[in-house]
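> Got a structure for you, written out below as C-alpha cells; questions coming shortly.
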Amino acid sequence: MEERRGNIKAENEMNINMKEEQSTLDWRGRPSNPNKHGDFQAASFVLGLQAFEIMAIAAVGNKLITYVINEMHFSLSNSANIVTNFVGTIFLLALLGGYLSDSFLGSFWTMLIFGFVELSGLILLSVQAHVPQLKPPKCNMKCEEAKGVKCLIFFVALYLVALGSGCVKPNMIAHGADQFNIQTKKLSTYFNAAYFAFSVGELFALTLLIWIQTHAGINKPPQGSIFIPVAQVLVAAILKRKQICPSNPNSNCSMLQTQRFRFLDKACIKNEDGNNRRKESPWRLCSVSQVEKVKILIAVIPIFGCTIVFNTILAQLQTFSVQQGSTMDTQLTNSFHIPPASLQSIPYIMLIFILPLYHKFFVPFATNITGHESGISPLQRIGSGLFLATFSMISAALLEKKRRESALHSGKTISIFWITPQFLIFGLSEMLTAVGLIEFFYKQSLNGMQATFTAITYCSYSFGFYLSSVLVSLVNKITSASSNAGGWLSYNDLNKNRLDLFYWLLAVLSFLNFLNYLFWARWHSHHSSPPPQPTALSKDGGYENIP
C-alpha cells in the first residue's frame, strides 16, 4: 500500500512538472521548445536590462538628496524623507507589478508598458533640472522652497519614475528566473549573476553618471488573480471553522499537506449530503494547492519582516551618509574632488570582484561541507547579512563621532576615505541578504506566484525606507522635546546634530532584529515541507482531485 501511494505521488509530481513545462510560451505565444528557449542565453538579456535600469534609477535616487536640498531648497530632514519615501514607494509598487504580471499581463508586457512610464518620468525630471523657470530661484540672502506648479512637476515626475521602476523590477528578476527549472543548480547561479548585474549598474551610476551630473526567452502566461484564491481560502476556512480535519498521521493528509496552519485545511473539506455530493462554491471549497499558497504567504511574512530594519540602514547610507561625506575632505588630487554621492559605489566596486569569487570558490567549498547546492541555504545567507549590518552602523557611529569632534574641537576636516568601512561592510551584508531573500522567496513560490513573490522582497525595501522616514521624524521630535539644544537631527549643519547617536540607535535595532530573525528562521525550517498535489479533502478524511 505504501509503495502504491509513493508511485501515485511520484506520478502526480511528474504530471505537474509536465504541465508547468507546457505552460511556458515563446514570444509569439506558442509552446516553448526546451532546446531553443530559456537557459542563460535568454536570461542574459534580462541581466543586461536589469543593469541598465538600475543604472538609471540609481543615478536619480542617489543624487536626489543633493538635488532636493540645493535646487528645490527643502530642509535636510524633509529632503531625507522625500528620498526615503520615493525609494520606499518604488519597492512598494513592485507588489503592483508582480500582481499585474502574474494575474493579467505576464512579465514581458508588464516590463514593456511600465518601462515607458519610467522613461516618461525620467524625461520630465531632466526637463525640470535643465529649465530654470521650472525651479525656484537660486539662493541669495534667503532660499525659497519649491512650491506650486514647480513642486507639482517635481513630484509628478518623481512618482512616474517610482511607478515605472517599481512595476518593472520584480518582473526582470522573475522573468530571468523563469528561464530555468526551479530545481536546477543554474537557478542559484542566476540569482548571483542578477546581483552582479545590479552591482555593475549601480557602479556606473554612482561613478560615471554622477561625475557627469556633478560636472531570446520564454514567457509564462498570466494565471489569473492570485489574491482571489487567497481570499477564497480564508473565507472557506472561516465558514467551515467547526469542521474537524482528520488527524491520523499515517493518512494521505499528512503526506499531501504541510502541517503548519492546519486550520486552513478546513477550506478543503467537502460537504456531503448522504450519498449525494453537493457542488460547492469556490468560496466554500478550495483545492489543496490554493491552501498551500496561503500557507506559504503566511509562513514567509516573518522572514520578510526581519529584513525591514536592514533596509532602514540602507536608507541612511543613501541620505545622511552622503551628507556626512559632503562635510569631509573630498580632495583626491589637486584638481579632482570625489562627489559625495559616489561614495555608494564603494560596495559595488567590492562586490564586482567578490561575487565571482564567492560563486567560484566559496560555493563549491561550502557545498562539500554542507551538501547544499548553493553552499549555504538562502535562510543562512540572509542571517549572515543581517548580522553584518549591525557592524555597518557601529562603524558609521564611530566615524561620525570622530568627524564631529575633529570639526568642533580642532577645526580639522578629516578625509572622506574614513567613511569607507561602513559602506564596505554593508555592501557585503547586502550581497548576502538581498540575494538570499530573492532566492528564498522564488523557491517558496508555487506556479503563478513567482513575480508576486519577487515583488514582496522589494516591499521590504519599501517598508525599510518608510520606517526610516518615521524614525527620523520620531527621533527628532522626542529628542527636541527632551533637550534645549535641539533634536539629534534638527539642523542642516551636521556639526550641530547628533547623527552618531542616531546611528547607535540603528545598531541596537539591527542587532535585536537579528535575534528576532534567528527565532523565525528556525521556526520556518522546522515547519517547512514540500508542497502538496492539487487534491481536495472530503469530510470523511478521503481525498479527491480538483481540476
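> If a/c stays under 1.5 just call it rounded; otherwise compare a/b with b/c (prolate if a/b is bigger, oblate if not). Do that for segment 303-360, with a ≥ b ≥ c from the square roots of the Cα gyration tensor eigenvalues. Walk me through the numbers before you get to the answer.
Numbers: a/c = 5.25, a/b = 1.36, b/c = 3.85.
Judged from the Cα gyration tensor, segment 303-360 comes out oblate (a/c at least 1.5, b/c at or above a/b).
> Do the alpha carbons of any pairs in K150/K477; K63/K169; K142/K402 sit beyond 22 Å of each other, and which pairs? Present the calculation step by step, with values, prior to reporting the outcome.
On the way: K150/K477 29 Å; K63/K169 20 Å; K142/K402 32 Å.
Listed pairs above 22 Å: K150/K477; K142/K402.
> Right, here's the next one. At a Förster distance of 56 Å, what's the computed FRET efficiency of R260 paired with S406, Cβ-Cβ distance as r, to 0.05?
0.55
> Roughly how many debye, to the nearest 20, is the charge dipole of segment 398-464 about its Cα centre, given +1 on each Lys and Arg Cβ, -1 on each Asp and Glu Cβ, and no other charges?
It works out to roughly 320 debye.
> Mind running the shape call on segment 321-460? Use the C-alpha gyration tensor, a ≥ b ≥ c as the square roots of the eigenvalues: rounded below 1.5 for a/c, prolate if a/b tops b/c, oblate otherwise.
Details: a/c = 2.55, a/b = 2.22, b/c = 1.15.
Prolate shape, in that a/c is at least 1.5 and a/b is the bigger ratio.
> At 7 Å along the Cα-to-beta-carbon direction for both F52 and V156, put a label point, then send me their distance in nm to one decimal.
Inter-label distance under the simple model: 2.7 nm.
None of the figures in this text is laboratory data; all of them are computed from the coordinates on show. Since the structure is predicted, the reported quantities are computational estimates derived from the model, not experimental observations. As a convention, Cβ positions derive from the backbone with ideal geometry for all residues, glycine included, and neighbour counts pool all protein chains shown.
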